[in-house]
1. Going by the structure shown, is residue 88 surrounded by 14 or more Cβ atoms within 10 Å (Cβ to Cβ) and either in contact with a strand residue (DSSP E or B) (Cβ under 8 Å, 6 or more places away or on another chain) or under 22 Å from residue 200 (Cα atoms) (or both)?
2. In the set 162, 154, which member is touching a helix residue (DSSP H, G or I) at 6+ places or on another chain (Cβ under 9 Å), at pLDDT 95 or above and under 14 Å from residue 121 (Cα atoms)?
3. Mind checking which residues of the stretch 129-144 are over 18 Å from the mean Cα position of the chain (by Cα), more than 20 Å from residue 199 (Cα to Cα) and modelled with pLDDT of 95 or more?
4. Identify all residues within the stretch 25-40 that are surrounded by 11 or more Cβ atoms within 10 Å (Cβ to Cβ) and either under 26 Å from the mean Cα position of the chain (by Cα) or part of a loop (DSSP other than H, G, I, E, B) (or both); write none if there are none.
5. So is residue 131 surrounded by fewer than 16 Cβ atoms within 10 Å (Cβ to Cβ), in contact with a strand residue (DSSP E or B) (Cβ under 8 Å, 6 or more places away or on another chain), assigned by TED's automatic domain parsing to the domain that holds residue 117 and in contact (Cβ under 8 Å) with a residue 12 or more places away in the chain or not?
6. Take the conditions surrounded by 15 or more Cβ atoms within 10 Å (Cβ to Cβ), in contact with a strand residue (DSSP E or B) (Cβ under 9 Å, 6 or more places away or on another chain) and either free of Cβ contacts under 8 Å to residues at least 12 places away in the same chain or closer than 30 Å to residue 171 by Cα (or both) and apply them to residue 64. Does it pass?
7. Within the stretch 42-59, does at least one residue satisfy the condition of being closer than 30 Å to residue 200 by Cβ, assigned to a loop (DSSP other than H, G, I, E, B), without any contact (Cβ under 8 Å) to a residue 60 or more places away in the chain and touching a helix residue (DSSP H, G or I) at 6+ places or on another chain (Cβ under 8 Å)?
């Protein structure tokens with residue numbers, strides 16, 4: 001059996017190509033791509049397979065895929081750009097830019113805590129029902145109302161589904177733009193990056209479907225980690241939904 005792998009691989013990196021091909025031959029890979037740069041130059045740029053489990057659409061050079069928490073880096077970059085410009089003070093309390101956030105013991109939570117996962121808001125206290133995760137006003141209002149799960153600034157706990165809203169609301173209050181628009185105009189378009197925080201209809205045909213693996217949450221249900229990932233539960237099939245792809249503050253493809 002041969003696999004139609006397309007693209008380029010420097011001979012020095014032939015083992016990478018063989019490993020990539022083996023994913024299809026031995027591990028039931030459906031579709032994928034891999035790119036590696038060395039000192040600013042591409043040495044590997046490969047793609048192959050299909051966009052869907054039915055194998056009806058071929059994976060292309062410019063196929064997009066949801067990258068999950070890599071989006072946190074892009075959100076952080078957006079906030080850091082504002083800090084570099086002097087428009088945001090990372091050591092200032094978040095309420096300076098988002099007055100409602102001071103509720104329920106959060107008056108002294110600094111903006112930088114959002115970057116370091118130390119704000120104490122790693123998950124949602126109020127039930128996130130239906131598409132509420134994609135309702136920006138509801139999510140940010142609920143986070144503003146919520147009491148921290150630990151003393152902010154003292155510990156770090158992964159803000160799995162809230163960091164984008166926390167950082168994004170600071171960006172929105174300062175610039176008047178959603179973080180998706182700000183990132184696109186100020187970073188992605190400037191450097192020519194095909195990365196999108198929120199994917200409009202024009203990109204639908206380029207986006208691959210993620211095929212879910214069994215969802216595993218081994219953390220005790222009453223622990224902070226357990227509570228973080230339980231409300232709402234996240235499955236790999238979510239990016240197949242248009243509402244998820246188009247939610248400019250929580251979805252990304254690259």
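1. No.
2. Criteria check complete, one pass: 162.
3. Once the filter is applied, which keeps residues that are over 18 Å from the mean Cα position of the chain (by Cα), more than 20 Å from residue 199 (Cα to Cα) and modelled with pLDDT of 95 or more, the stretch 129-144 yields 138, 141, 142, 143, 144.
4. Taking the stretch 25-40 as the starting set, the residues that turn out to be surrounded by 11 or more Cβ atoms within 10 Å (Cβ to Cβ) are 25, 29-36, 38.
Selection gives 29, 30, 31, 32, 33, 34, 35, 36, 38.
5. On the way: surrounded by fewer than 16 Cβ atoms within 10 Å (Cβ to Cβ): yes; in contact with a strand residue (DSSP E or B) (Cβ under 8 Å, 6 or more places away or on another chain): no; assigned by TED's automatic domain parsing to the domain that holds residue 117: yes; in contact (Cβ under 8 Å) with a residue 12 or more places away in the chain: yes.
No.
6. yes
7. The answer is no; no qualifying residue exists.
The values are calculated or read from the model by the stated rules, or taken from the named source; none is laboratory data. Everything numeric here is computed off the predicted structure, so don't read it as measured data. Ideal geometry is used to build each Cβ from the backbone, glycine not excepted, and the neighbour counts take in all protein chains shown.
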